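Here the structure is laid out as structure tokens; the discussion comes afterwards.
Here, each number is a calculation from the coordinates, and none is a lab measurement. Bear in mind the structure is a predicted one, so any value in this text is a computation, not a measurement. Using ideal geometry, Cβ is built from the backbone for each residue, glycine included, and neighbour counts are taken over all protein chains shown.
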Amino acid sequence: MREVVQDLLGWWRTGEPVGMATVVRTWHSSPRPPGATMLVGPDGTAVGSVSGGCVEGAVYELAREVVATGVPVVQRYGVSDDDAFAVGLTCGGIIELLVEPVDTDRFPALDRVAHAIEHRDPVAVVSIVEGPPESIGRRLVVWPAAVDGTLGSPRLDAAVTDDARGLLAAGRTDTLHYGLDGERRGEGLAVFVASYAPPARMLVFGAIDFAASVARIGAFLGYHVTVCDARPVFATSKRFPGADEVIVDWPHRYLQGEIDAGRVDDRTVVCVLTHDPKFDVPVLRVALSREFAYVGAMGSRRTHDDRMARLREAGISPEELARLSSPIGLDLGARTPEETAVSIAAEIIAGRWGGGGARLTTTAGRIHHDLG
């Protein structure tokens, strides 16, 4: 919904119902992830996508139907890769959608949700997607310190609120299962938790030309990008227009401060580009003490060997050193700052989704990886 929330809010304010289709579950090579949303406005305008174009026509008609009937439905599309083309899913896979009418009566908290999304405040929207027919589409909105709506019972609301806040803290969207009254080991009810958490952070240490390219590609990937260097002559916003913020501070001191303030989490990626031991060894000592999503350090093979020796001397354990990507990036043959930034981004993506970095033409089986 993040991509279409302003269109949804504009129609919502007119008081007319909007058809909203949301991907709630996927299997195999699904074209869009859970949370992807498509809207059909009162004037028939379609906004957003749930399948990259594969089944949008069918979803469009279903969205108009639920607006007319006022009854939310859960619809599944997809078949095996062999005959997917015949029904529109040209890439194969299966998607399950919650298709529902949205207006001020059915979603009274939408303006508060939109405000939270716009201001990067965490909020989760929970919808029942499996259960008694009359419960489908019931909604609960969860903030870190507030709740709006109900899923049908206080016990269910309490259980889901706790679990949704856990997903929100981790920035995860997921489907959770319960008993009809919120029993955590029960069956019969499934809820889709769409988490709208602040963007994950990318911390780039070292105000060099490579950092400018890494900052740009980090922003392109959706990260909130910070460039930090202790040298004020180099750490300027003019040199790093792609960064959200440029900080003048010693890298290790800044990173420790962000950790102490709770402004980083396990989604954070750290790119140490200084290749100067007086900067990179202290900041890597701090970074490797936490289980960040990614910690990489730039440098030649000789720089790498020297850095590893210094880190061992500093007391970094073998388990902590195993979390370090050094030299940074995948082997793409990159030479320029822009190409190097692509190789770093590729390694971050591979680590996030379990990819091996090989050419797809040399591999077999599924393209998308399960993360368990």
FRET E, pair LYS278, GLU245, Förster distance 22 Å, beta-carbon r, rounded to 0.05: 0.40
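Let me check against my output: what whole-number percent is the relative contact order of segment 72-211, with C-alpha pairs under 8 Å and at least 6 apart?
Once divided by the residue count of segment 72-211, the mean separation gives 20 percent.
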Between LEU180 and ASP260, what is the label-to-label distance in nm when each label sits 7 Å out along the Cα-to-Cβ direction? 5.4 nm
Which whole-angstrom value gives the distance between the alpha carbon centres of segment 137-189 and segment 1-45? 21 Å
Checking the a/c ratio against 1.5 first, then a/b against b/c, what shape does the Cα gyration tensor give for segment 198-357? rounded
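Mean separation of Cα pairs under 8 Å and 6+ residues apart, divided by the residue count of the chain: what relative contact order is that in percent?
Values: 744 pairs, mean separation 38.0, N = 372.
For the chain, the relative contact order is 10 percent.
Which order do the peptides 348-356, 210-218 take when ranked by the mean count of other beta-carbon atoms within 10 Å per residue, highest first?
Details: 348-356: 14.8, 210-218: 24.2.
Those peptides, ordered most packed to least, come out 210-218, 348-356.
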Find, among the trypsin sites (Lys or Arg not before Pro) in segment 229-292, those assigned to loop by DSSP (not H, G, I, E, B) with at most 15 other beta-carbon atoms within 10 angstrom. LYS238, ARG263
Quickly work out the ARG323-to-ARG112 label distance, labels modelled 7 Å from Cα along the C-beta direction, and quote it in nm with one decimal. 3.6 nm
Rounded, prolate or oblate: pick one for segment 213-296, where a ≥ b ≥ c are the square roots of the eigenvalues of its C-alpha gyration tensor, a/c under 1.5 means rounded, and failing that, prolate if a/b is larger than b/c, else oblate. oblate
What residue among THR175, THR45, THR161 has the largest mean-square fluctuation in a Gaussian network model of the chain, using Cα springs under 10 Å? THR45
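If packing is taken as the mean number of other Cβ atoms within 10 Å per residue, what is the order of 144-152, 163-171, 189-197, highest first? Walk me through the numbers before you get to the answer.
Numbers: 144-152: 14.7, 163-171: 18.2, 189-197: 22.3.
Answer by packing, highest mean first, reads 189-197, 163-171, 144-152.
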If I take every Cα pair under 8 Å that is 6 or more residues apart in segment 266-372, average their sequence separation and divide by the length, what percent do I get for the relative contact order? 22 percent
Listed residues MET308, MET38, MET20, most fluctuating in the chain (Gaussian network, C-alpha, under 10 Å): MET308
Cα lying deepest toward the dipole's positive end in the chain, options VAL191, ALA358, VAL214, charges on Cβ: VAL214
Which label in (i) 5, 24, 33, 26, 10, 1, 0; (ii) 5, 21, 27, 23, 17, 7, 1; (iii) 5, 21, 27, 22, 14, 8, 3, 0, 0 gives the computed P(r) over Cα pairs in 10 Å bins from 0, in percent: (ii)
Grab the DSSP H runs of the chain that are 4 residues or longer, score each as -39,500 (n - 2.57), total them, divide by all residues and round the 222 nm result to the nearest 500 deg cm²/dmol. -10000 deg cm²/dmol
For segment 283-372: rounded, prolate or oblate by the Cα gyration tensor [a/c cutoff 1.5]: oblate
